[in-house]
Amino acid sequence: MEITSYEIIGSKEKAVAIIEIPKNLIRKENEIANEIMKRHKHVVSVLKKTSERKSEYRVRNYKLIKGQKNTEVIHKENGCNLKVDPRKVYFSQREGTERLRIAGYTKKNETIMVMFSGIGSFSVNIAKHQKNIKKIISVELNPSAVDYMIENIKLNRSQDKIIPVLGDVKKVCKEWYNKCNRVVMPLPHESWKYIQIALKCLKSTGIIHIYFFDSEKKVERNVKRRIEKLKQKTKKKIIYKIRRVLPYAPGINKYCVDMKLSN
Ligand SMILES: C[S@@+](CC[C@H](N)C(=O)[O-])C[C@H]1O[C@@H](n2cnc3c(N)ncnc32)[C@H](O)[C@@H]1O
């Protein structure tokens, strides 16, 4: 049977499959779920996406089409264990490579601000990869995600490195103004709104990784315009690189700009 795209979150012990079913295949959804569970013996539940990502928490609705009601799993990625229930919080296993890449950039003794940190996936990857990190401040609004983040910090023995913070980036970052070497901003649908806060978090020099959606045709021009404005406002030198992270929709991708600010 031809099965449409799906992702599997979890481990060999227990995993959940998340599937998109186009309208013309809805009548076959049970058959599709059976086939997935036959192919992947560790999949204990199959969830069908029934909405887009929504609300500030960036979660979506799912319908359980087959298997266990309890969809909490421990997802293994890059040597990290990430406990997550995809029905309660944002999580995408497709971004594991990107998290490792950011972790690979970090240097010893850095203080890092991870805004919009979800279940702590970026923070745990960084702490695992860069043993000599100073501190990682992880700010997240969704209380369920912060509960998972606290568990994940313990699961990965990073209590001395990661500081979980429940709250809105707009309100809770002040304590770390002028203290960070690096800021990570994984909120692609509106991260540019928070760029001024990220700049305030940085010491006089530093690095920002900002994620956003943009059109293939316009991204270079749009980013150049934004960087010019930032240069004027901060009076700093900024060198930057645009990277395509993942496809999002026809002609639209998720991008990351890595920018380095210096005097
Ligand atoms: C796209 S998800 C990324 C989660 C995580 N970094 C990851 O890669 O798995 C964005 C997260 O930002 C959180 N969020 C949205 N607005 C926020 C705000 N103003 N302050 C703090 N967190 C926010 C959402 O609850 C959500 O968990």
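Laboratory data are not the source of any read-out in this text; all were calculated from the coordinates shown. Note that the structure is a prediction, hence the values are computed from the model and not measured. Here the Cβ is made from the backbone with ideal geometry for all residues, glycine too, and neighbour counts use every protein chain on show.
The table below gives the values:
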item: 18 Å cut-off, amide nitrogen to a point 7 angstrom out along residue 217 Cα→Cβ, residues in the range 237-258; result: 248-254
item: Cα convex hull of the range 6-71 - mean projected area over all directions, nm²; result: 4.6
item: Sparse-neighbourhood loop sites, trypsin sites (Lys or Arg not before Pro) in the range 39-142 - DSSP loop, at most 16 other Cβ within 10 angstrom; result: 41, 53, 69, 107, 108, 131, 134
item: Of all DSSP beta bridges in the range 6-71, antiparallel share, percent nearest 5; result: 70
item: Pairwise label distance in nanometres, residue 189 with residue 237, each label 7 Å out on the Cα-Cβ vector; result: 3.9
item: Cα-centre dipole for the range 6-71 with unit charges at Cβ (Lys and Arg positive, Asp and Glu negative), debye to 20; result: 100
item: Subset of 14/241; 23/170; 54/254; 69/254 violating a 29 Å alpha-carbon distance limit; result: 14/241; 23/170; 69/254
item: Length added when fully stretched, residue 246-residue 41, from 0.36 nm per residue minus Cα-Cα; result: 71.0 nm
item: Length released on extending from residue 13 to residue 27, taking residue separation times 0.36 nm less the Cα-Cα span; result: 2.1 nm
item: Principal axes of the chain: Cα extent on each, largest first, Å; result: 60, 44, 29
item: Length released on extending from residue 154 to residue 61, taking residue separation times 0.36 nm less the Cα-Cα span; result: 30.6 nm
item: Listed residues 240, 90, 248, most fluctuating in the chain (Gaussian network, C-alpha, under 10 Å); result: 248
item: Kirkwood hydrodynamic radius (C-alpha pairs) into Stokes-Einstein, the range 73-119, 10 °C and 1.306 mPa s, D in µm²/s; result: 131
item: Rough spin-label spacing in nm, given labels placed 7 Å along Cα→Cβ, for residue 50 and residue 224; result: 4.7
item: Unit charges at the beta carbon, dipole of the chain: most positive-side option, 257, 124, 74; result: 257
item: Unit charges on C-beta of K, R, D, E only; dipole of the range 94-262, Debye; result: 960
item: Cβ-derived FRET efficiency at R0 41 Å, residue 134 paired with residue 5, nearest 0.05; result: 0.55
item: Alpha-carbon centroid distance for the pair the range 148-199 / the range 49-65, whole angstrom; result: 24
